[in-house]
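**Q** Below you will find the structure I want to go over with you.
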Amino acid sequence: METTNKKSISLMVLSFSIMLIIGFLGNLRGALLPTIKQDLGINYSSIGLLIVITGIGYMAATFAAGFICDKIGHKNVFAIGFILVILGLIGITFTSGFVLLTVTMTVMCFGLGCFDIGLNSLTPKIFVTNTAIMLSFLHVFFGVGSALSPQVGSWFLLRDVPWNHVYGYSLAFVALVFIFFMLTPPLPSIHAALAGSSSVSSLLKDSRLWLFIAALAFCESTELGISNWLVNFLQVERGMSEGSSAQYMFYFFIIYTVGRMFGGYIAEKVGYIKIIITFVATAMVLFAGGLFLGNTYAFLFSITGFFISIMFPTMITLISKVFPNNSSSAMGLIITGAGLTCYIINWVIGKINDTMGVFAGFSTVLIYSSMVILLLSIISKRVTYRTRKEIKDSAALCEVE
């Protein structure tokens, strides 16, 4: 019993540590973007392209790693993830140009994608009881890592440490977790049945799938639009210092983390679609206040973190309810499609920053959040209609039998 408890604790510490890495490295770029742009002499379109390419690498990993897990096991997938993240960090540390930065950061993001899909499929196996609560805590560590990234990034920059060396110093923590991973007991094995091609084919014909891809894409675009571009907006458009702008990003993720802790409980009480629409509408009002009311009200950007935090996990839960028979296939298609769309949208933000100004580019977040409300309103009607139709068809089938 004692050995089992030690093994569970080791796996829990490992899971939380890896999620901390995903949150930290995934959002460190946002805090360093202005410095990267200035140091490499590139424009916002190039920054947007960097986000798109690295995002494709991340999504490619999440799409492929699920299949790979079934072939070679989770421990090997995590090992691949660690090797790629370490190689990527080393490459970024010694990068001297945009092309090399894009390649090395894509390698790092591919490794983070391996971590992501590995954790999402392994966690329910590790925490058989209280799975929902443990998943919530797992995402809390993503928020903690995200909150630390702007603080750590600005701390180094204020001490004249080159931006690429910030990634080099991050390597120390990743290496420490990697050593702990190598000493961790064998991970539980999971044998998941792969969905047949007919199942995927039927999903692709379901209009609800495409609605969810679009809705989740705009959810992620709203979240990443702020986390990737807030620091840049505050420095370029509002004239804030590196330290002050990073502080608002830090508060954003702290409040975001609190939202992740309590969001699941609120969603269960109010209803998935209703709570997302309500929270997104609230976030829009707060974001608009920060956008148009000046530096005195910049704290409103940070408060949006609470209302934005609930979107992704609640959408994932909703998808599993709408597609109960083939939720894994639906989840993979929706997350991959939404992720790719989201990163393209971030490239669009970069183009708008170059052509129309940083204010115009950042304000497009209001458009993305309004699309979430519109699409969820349509989904609400389609889901209700489809459910009633399925019940009616089922009743008719019973009468025939």
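Bear in mind that the values in this text are calculations on the coordinates, not laboratory data. All of these numbers come straight from a predicted model, not from anything done at the bench. We place every Cβ from the backbone using ideal geometry, glycine too, and count neighbours over all the protein chains shown.
**Q** Please give the length that would be gained between residue 258 and residue 72 if that part of the chain were fully extended, namely 0.36 nm times their separation in residues minus their C-alpha to C-alpha distance (nm, one decimal).
**A** In short, 63.3 nm is gained.
**Q** What are the ³J(HN,Hα) couplings of the range 11-26, residue after residue, when phi is run through the Karplus curve with 6.51, -1.76, 1.60 and θ = phi - 60°? Round to Hz, x for glycine and proline.
**A** 5, 5, 4, 4, 4, 5, 5, 5, 5, 4, 5, 4, x, 5, 6, x
**Q** Write down the radius of gyration of the range 202-385 and its Dmax, each obtained from C-alpha positions, in Å.
**A** Gyration radius and largest Cα-Cα distance of the range 202-385: 16.6, 52 Å.
**Q** Amide H to amide H under 5 Å from residue 240: which residues, 5+ apart in sequence or cross-chain, H placed 1.01 Å off N in plane?
**A** For residue 240, the qualifying residues are 235.
**Q** Based on the Cβ-Cβ distance of residue 10 and residue 204, what FRET efficiency does E = 1/(1 + (r/R0)^6) give at R0 = 56 Å, to the nearest 0.05? Could you put the intermediate results ahead of the total?
**A** On the way: r = 41 Å, r/R0 = 0.73.
Step by step, r from the Cβ atoms, then E = 0.85.
**Q** Here is a further query. In nanometres, what is the gap between the two model label sites at residue 377 and residue 268, each 7 Å from Cα along Cα-to-Cβ?
**A** 3.1 nm
**Q** Between residue 288 and residue 96, what FRET efficiency follows from the Cβ-Cβ distance if R0 is 56 Å, with the result rounded to 0.05? Spell out each step's value before the answer.
**A** Working: r = 40 Å, r/R0 = 0.72.
Once the sixth-power term is evaluated, E becomes 0.90.
**Q** How would you rank 94, 323, going from fewest to most other Cβ atoms within 10 Å of each one's own Cβ?
**A** By the 10 Å Cβ count, ascending, the order reads 94, 323.
**Q** Could you put 296, 304, 54, 278 in order, starting from the residue whose Cβ has the fewest other Cβ atoms within 10 Å?
**A** Details: 296 8, 304 30, 54 25, 278 16.
Exposure proxy ranking, most exposed first: 296, 278, 54, 304.
**Q** Order these by the 10 Å Cβ neighbour count, fewest first: 152, 372.
**A** Lowest count first: 152, 372.
**Q** In addition: Can you work out the Karplus-derived ³J(HN,Hα) for every residue in the range 106-116? Use 6.51 cos²θ - 1.76 cosθ + 1.60 with θ = phi - 60°, whole Hz, and x for glycine or proline.
**A** Working through the residues one at a time gives 5, 4, 4, 5, 4, x, 4, x, 4, 4, 4 Hz.
**Q** I need the phi-derived Karplus couplings for the range 375-383: 6.51 cos²θ - 1.76 cosθ + 1.60, θ = phi - 60°, integer Hz, Gly and Pro marked x.
**A** With the stated coefficients, the range 375-383 comes to 5, 5, 5, 5, 4, 4, 6, 5, 5 Hz.
**Q** With the Cα gyration tensor of the range 232-292 in hand, convert its eigenvalues to equivalent ellipsoid semi-axes via √(5λ) and list them largest first in whole Å. Could you put the intermediate results ahead of the total?
**A** Values: eigenvalues 165, 43, 6 Å².
Taking √(5λ) for each Cα gyration eigenvalue gives 29, 15, 6 Å.
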